1. Suppose only helical runs count, i.e. DSSP H with n ≥ 4. What mean residue ellipticity at 222 nm does that imply for the chain under -39500 (n - 2.57) per run, divided by all residues and rounded to the nearest 500 deg cm²/dmol?
2. For segment 134-150, in order, what is each residue's ³J(HN,Hα) by Karplus, 6.51 cos²θ - 1.76 cosθ + 1.60 with θ = phi - 60°, in whole Hz (x at glycine and Pro)?
3. Relative to the first principal axis of the alpha-carbon coordinates of the chain, what is the inclination of helix 17-27, with its axis defined by its Cα atoms, in degrees from 0 to 90 and to the nearest 10?
4. In whole Å, what is the distance between the alpha-carbon centres of segment 1-34 and segment 71-88?
5. Would you mind telling me the share, in percent, of accessible area of the chain contributed by carbon and sulfur at probe 1.4 angstrom?
6. In whole percent, what relative contact order does segment 98-177 give with Cα contacts below 8 Å and a gap of six or more residues?
7. From the mean inverse distance of alpha carbon pairs (Kirkwood) and the Cα radius of gyration, derive Rg over Rh for segment 2-206.
8. Keeping every protein chain present and rolling a 1.4 Å probe, give me the accessible area per residue for segment 2-206 in Å².
Amino acid sequence: MRPITLTFDNGPDPEVTPGVLDTLGRHGIRTTFFVVGNRLASARAVSARAHDEGHWIGNHTWSHSLPFRERSDDAFVRAEIDDTQAVIGDLAHPDRLFRPYGGQGRLDGALTTNAAAHLEKGGFTCVLWNAVPGDFKDYDGWPATALAQVEPLAWPLVVLHDVHAAAMRHLDRFLGTLKDRGFAFEQAFPPDCVAIARGRATEVLATGVVSDGG
Ligand SMILES: [Zn+2]
């Protein structure tokens with residue numbers, strides 16, 4: 001069995017997230033939802049349900065407006081990270097999961113030195129990714145893209161989004177296909193996608209791939 005980890009970013013969405021939770025529940029799959037702070041503030045019940053059903057809730061910035069590569073002054077970094085963590089409150093995973101906004105999935109520069117230092121000091125776990133099939137722009141084609149992306153990976157960590165109903169229509173069939181192909185769903189993250197673990201920088205951060213590349 002090959003491990004695979006799924007994550008859902010940019011929600012919660014009161015219209016779309018419940019259906020995603022229904023589908024994951026039918027398949028017995030637990031994942032992580034990286035939520036946007038200003039969305040969580042108005043749709044907390046949806047994320048509370050995800051938490052109650054065993055999914056992990058992570059921080060995906062307050063505004064999802066600018067990648068840190070484009071703005072990394074202290075005030076912005078603190079507001080994007082800390083305000084979101086505050087509103088997540090008791091739904092937070094103990095490892096204080098955080099995922100930067102990449103901007104179309106770009107990894108380079110997704111985490112600048114400023115943000116990395118703030119995440120380390122705050123004891124966060126910074127979770128990146130290795131597969132972005134583009135469900136946010138290719139509502140019907142993303143499953144095929146995803147299957148091609150995950151095939152060569154030892155442990156894929158796939159970024160999906162629980163905000164586009166037209167894309168999530170295909171989730172059930174996608175999950176079935178992954179099972180047919182021998183994938184086993186893991187909730188934990190592949191180590192080579194974790195840049196900071198509970199406040200400690202890992203080799204992933206040290207390589208510089210995400211530190212200041214963009
Ligand atoms: Zn995002």
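The values are calculated or read from the model by the stated rules, or taken from the named source; none is laboratory data. Since this is a predicted model, take the numbers as computed values, not measurements. All accessible areas refer to the heavy atoms of the entire protein, side chains included, with ligands and DNA or RNA removed. Shrake-Rupley method; radii C 1.70, N 1.55, O 1.52, S 1.80 Å.
1. Numbers: 9 runs with 75 residues, N = 214.
So the helix-based figure for the chain works out to -9500 deg cm²/dmol.
2. Listing the rounded values in order: x, 4, 6, 10, 10, 4, 9, x, 4, x, 5, 4, 4, 4, 5, 5, 7 Hz.
3. With both axes taken from Cα atoms, the answer is about 60 degrees.
4. Centre-to-centre (Cα) distance: 25 Å.
5. On the way: 4530 of 8990 Å².
Taking all protein chains in place, the chain shows 50 percent carbon and sulfur surface.
6. 27 percent
7. Answer for segment 2-206: 0.94.
8. So segment 2-206 comes to 41 Å² accessible per residue, rounded to a whole number.
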